[in-house]
Amino acid sequence: MPADGSTDDLFATPRLRARLLTMGDEDALQEVFQAGGDYFLEVTGRPEPDEDAAVREIASTINVPGRRVALVSLAESGEDVGALGWWGHHPEPDIALLGMLLVVPERRGAGVGREALGALEGVLAADGIRRLRTGVGAGDTAKHALLRALGFHPLDERTHVTLDRGRLMIALFEKEL
């Protein structure tokens, strides 16, 4: 629940709910980041998030037009089980870029990510988004297979510069909404 006790549901399904995050939600997001530390191993090369990772993530929603972050919770218990991050209308007006689909390890393999992504796609489509893009490591065949199973198709590979790891080849994927 947000620090002020309000709810700002992005979506609700019978099993999940997601709410957009704002300043004041840093502790809840940081807990999810801590639980899903392997996500950061791949992104930053470190097995856990920085202490201020959630603060920076939420601050990006203020500083970057179209940037949004949501916390995904189980509807019945309220347990936070993941996070979504995206840029709407980027890089083109009818495209959104999915930057984060994180599910805590103990909830993986149960369809949480698929269900959360499907609900987000509905929200994006209602906002005029027609295509969703994302990128993963070019050599990460397991993630390529997962993205294909989620309906994405490969676009191309590009060199992506990150602050933490230098140059990393990424494969871009896209799906029609």
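The values are calculated or read from the model by the stated rules, or taken from the named source; none is laboratory data. Computed from a prediction, not measured in an experiment: that's the story for all the values here. Backbone-built Cβ (ideal geometry, glycine too); neighbour counts: all protein chains shown. SASA here: full protein model, heavy atoms, side chains in, ligands and nucleic acids out. Shrake-Rupley method; radii C 1.70, N 1.55, O 1.52, S 1.80 Å.
Looking across the range 96-136 at every residue that is part of a loop (DSSP other than H, G, I, E, B) and closer than 22 Å to residue 47 by Cβ, the one that is farthest from the chain's Cα centre (by Cα) is identified as 109.
With the requirement that a residue be touching a Phe, Trp or Tyr at 6+ places or on another chain (Cβ under 9 Å) and either open to solvent by less than 40 Å² (accessible area, probe 1.4 Å) or closer than 22 Å to residue 30 by Cβ (or both), what does the range 104-125 give you? Passing the criteria: 116, 119, 120, 124. In the condition set (1) of a type outside the set (Ser, Thr, Tyr); (2) at pLDDT 95 or above; (3) touching a helix residue (DSSP H, G or I) at 6+ places or on another chain (Cβ under 8 Å), residue 34 is compliant with all but (3).
The residue that is nearest to residue 36 (Cα to Cα), among those in the range 107-130 that are charged (D, E, K, R) and touching a residue at least 24 places away in the same chain (Cβ under 8 Å), is 107. For residue 41, the conditions (1) in contact with a Pro (Cβ under 6 Å, 6 or more places away or on another chain); (2) open to solvent by 40 Å² or more (accessible area, probe 1.4 Å); (3) at pLDDT 95 or above are fulfilled apart from (3). Any chance the range 162-175 includes a residue that's outside any strand (DSSP E or B), at pLDDT 95 or above, open to solvent by 20 Å² or more (accessible area, probe 1.4 Å) and not aromatic (Phe, Trp, Tyr)? Checked the range 162-175: no residue is outside any strand (DSSP E or B), at pLDDT 95 or above, open to solvent by 20 Å² or more (accessible area, probe 1.4 Å) and not aromatic (Phe, Trp, Tyr). Yes or no: the range 84-95 includes at least one residue that is open to solvent by 50 Å² or more (accessible area, probe 1.4 Å), under 22 Å from residue 138 (Cα atoms) and not in a strand (DSSP E or B). Taking every residue of the range 84-95 in turn, at least one turns out to be open to solvent by 50 Å² or more (accessible area, probe 1.4 Å), under 22 Å from residue 138 (Cα atoms) and not in a strand (DSSP E or B).
The condition of being open to solvent by 40 Å² or more (accessible area, probe 1.4 Å) and not polar (S, T, N, Q) holds for residue 20.
Out of 75, 53, one residue alone is within 28 Å of residue 129 (Cα to Cα) and in contact with a helix residue (DSSP H, G or I) (Cβ under 7 Å, 6 or more places away or on another chain). It is 53.
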